[in-house]
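Every read-out reported here was derived from the displayed coordinates using simple, explicitly stated rules and does not represent laboratory data. Worth saying up front: this structure is predicted, and the values here are computed from it rather than measured. Reconstructed Cβ throughout: ideal geometry from the backbone, glycine too, with neighbour counts over all protein chains shown.
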Amino acid sequence: MSSQFGDNKFLMLKIMGKSMGHFCDGLSRRDFMRIGGLALGGLSLPQLLEAEQRSGIRKSHKAVIMIYLVGAPPHQDMFDLKMDAPIEIRGPHKPISTNVPGIQISEHMPYCARIMDRLVPIRTMYGSPNGDHDSFICYTGRPVPKQPPGGWPSLGSVLSKLQGPSEPMVPAFVGLAPKAGHPPYGSPGHPGFLGPAHSAFRSGGAGMQDLKLNEISLDRLQDRKALLAGFDQFRREIDHSGLVEGMDAFKQQAFNILTSSKLMEAFDLSSEPAKVRERYGKGDSRNYGDGAPRNCEHFLIARRLVEAGARCVTLNFGRWDFHSNNHSELLTHLPLFDQAMSALVEDLHQRGLDKDVAVVAWGEFGRTPQINPDAGRDHWPQVGCALLAGGGMKTGQVIGATDRLGGAIESRGVHFGEVFATLYHQLGIDTSRVTIPDLSGRPQYLVDGWQPMPELV
């Protein structure tokens, strides 16, 4: 289910009858209530829910948090430092040891170094066909060219189609990316041929407005709790009146989503202990150039969303396209990523979610071994990196090795599709058997023949 709804389409929940009191802002139930902006592609929310049911959704509590490191980070300065290479290759940053003997990572990732037994750096990612900036391969596992009609769907959309949320009041697929100057940098992953019913709920878009009554604005309420209390009281009174029982099943499900406080509560960090929020950090909520924010709180919101019932949460972090000043720019990104990523992984373990929630962080390609005259690293599709955790995967290991200069795969190259096959496997989806029909009715496999990675499963 998506909430990227069109501006001119509206779902109307019209509730009429004798007066049963007032909302906290004085609106009478004798008046009908409008909840705006709740349709997409000509379909109302109840119709979208009905379409999802027809698709054969299966329930599961497993989930994926996917972190797109916008613009592609430099693998040579994170997980694959080459201290024996010339200075124009290795740069000024130093490696440090981790809590797994033999594994070293950047000195600017001390938090991740302390929990390396719960992580898996991949040093040999490949699959980007041409080095063009696009989040597409990170969200689909496939290159942009040679798509079927409608385009390949992202992992979140596939999970929405096949499994749906584990909690009906929370969307299956949530994207925390705000709009960006370069549109692929702000993409949460597209639904492709699965259609708008399976696009991401956008926390920074119209979808959040869809959770509020149009006639009740926040400045007419004392605080968010008063708004949520009004929703909850309204639900209780409507249920008592019997009017909810008169709605058809899908309209009632839409009503449940809109009037439940569960989703709004997942976005509300005020209930988190101060110690937990401090561990994640705040970062910077402003977009970095034409990229995404370096918002550490998004990592915490992602955990709260999967705990509330979302199947897939995507978040976009920073802008790592360091064609100049690579070494100093890393100091604006890497420490924040290190803090938030490590906090998320530790939090999942502490809450007993590490077997069920997989985490993957990556960019669309790697960076050149050679440092350019502007002290930057350019695009390098030959090899990049990724960082995995959770999902019941075998952690505490490094996968893959590059050559002496970090520019070519020396052993165990890993295609994006292999990681996707592994994630689907951990979610209980057999990619060798499960297909989804495209717009022409042709069944499409979820990955291009890739198998789950034996090192991880």
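His415's amide H: which non-local residues (gap 5+, or another chain) put their own amide H closer than 5 Å, with H modeled 1.01 Å from N in plane and none for Pro or chain starts?
When sequence neighbours closer than 5 places are left aside, the close amide H contacts are Tyr126.
Quick one: of Lys62/Lys161; Lys282/Lys394; Lys82/Lys394; Lys179/Lys282; Lys62/Lys262, which pairs are farther than 24 Å apart, Cα to Cα?
Values: Lys62/Lys161 15 Å; Lys282/Lys394 30 Å; Lys82/Lys394 26 Å; Lys179/Lys282 20 Å; Lys62/Lys262 18 Å.
Violating the 24 Å limit, Cα to Cα: Lys282/Lys394; Lys82/Lys394.
Please list, in chain and number order, the residues 5+ apart from Asp284 or on another chain whose amide H is under 5 Å from its amide H, with Hs placed from the backbone.
Amide H neighbours of Asp284: Arg294, Asn295, Cys296.
How far apart, in nm, are two points set 7 Å out from the Cα along the Cα-to-Cβ line at Asp284 and at Asp132?
Once both label points are built, they end up 2.9 nm from each other.
In nm, give the distance between the simple-model label positions of Glu88 and Gln451, each being 7 Å from the Cα along the Cα-to-Cβ direction.
4.3 nm
Take each of the peptides 168-175, 324-331, average the number of other beta-carbon atoms within 10 Å over its residues, and list them starting from the highest. Numbers along the way, then the final one.
Numbers: 168-175: 25.6, 324-331: 16.8.
Highest to lowest by the protection proxy: 168-175, 324-331.
Residue separation times 0.36 nm, minus the C-alpha to C-alpha distance between Ala375 and Glu107: what's the value? Intermediate values should be presented prior to the final figure.
Numbers: separation 268, 0.36 × 268 = 96.48 nm, distance 1.91 nm.
Extra length available between Ala375 and Glu107 comes to 94.6 nm.
Based on the mean of other beta carbon atoms within 10 Å per residue, what is the order of 128-139, 77-88, most packed first? Write out the running numbers ahead of the final one.
Values: 128-139: 21.4, 77-88: 17.2.
Final packing ranking: 128-139, 77-88.
What ³J(HN,Hα) values, in whole Hz, does the Karplus curve 6.51 cos²θ - 1.76 cosθ + 1.60 give for the range 185-191 when θ = phi - 60°, with x put for Gly and Pro?
5, x, 7, x, x, 9, x
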